[in-house]
1. Where a Cα-Cα gap under 23 Å defines reach, which lysines qualify for residue 43, not counting those fewer than 8 residues away within the same chain?
2. How large is ³J(HN,Hα) for each residue in the range 21-30, as worked out from phi by the Karplus curve 6.51 cos²θ - 1.76 cosθ + 1.60 (θ = phi - 60°), to whole Hz, x for Gly and Pro?
3. Starting from the Cα-Cα distance between residue 19 and residue 42, subtract it from 0.36 nm times their residue separation and give me the gain in nm to one decimal.
4. For n ≥ 4 DSSP H runs only, could you compute -39500 (n - 2.57) per run for the chain, divide by its residues and tell me the 222 nm figure to the nearest 500?
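Each value in this text was obtained by applying a stated rule to the coordinates, not by laboratory testing. Only a predicted model underlies this, so the values are computations on that prediction, with no experimental measurement involved.
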Amino acid sequence: MTAMRLIGAVLLVLGLAGLLTGGFSFTKETTQAKLGPLELTVKEKESVNVPQWLSLGAMLIGGVVLVMGFRKP
């Protein structure tokens with residue numbers, strides 16, 4: 001039953017983090033041109049928005065799974 005508790009806690013934390021931050025960003029490095037030994041690279045900042053309904057759903061499912069992990073059969 002500890003696996004259910006762990007999954008529930010992870011979903012709850014991820015949902016809360018998504019709700020508080022609203023998304024995340026990362027840097028992507030791409031090669032634009034290669035001219036012999038010279039190489040031109042560009043760093044682009046990409047951002048991903050996490051919808052609120054997805055965060056709330058993850059929190060709800062995480063809470064249910066967490067409670068089900070504490071129940072005794």
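1. Those lysines meeting the cut-off are 28, 34.
2. Those phi angles translate into 8, x, x, 8, 10, 8, 9, 10, 9, 10 Hz.
3. Values: separation 23, 0.36 × 23 = 8.28 nm, distance 3.12 nm.
Residue separation times 0.36 nm, minus the Cα-Cα distance, leaves 5.2 nm.
4. Values: 2 runs with 39 residues, N = 73.
The per-residue figure over the chain is -18500 deg cm²/dmol.
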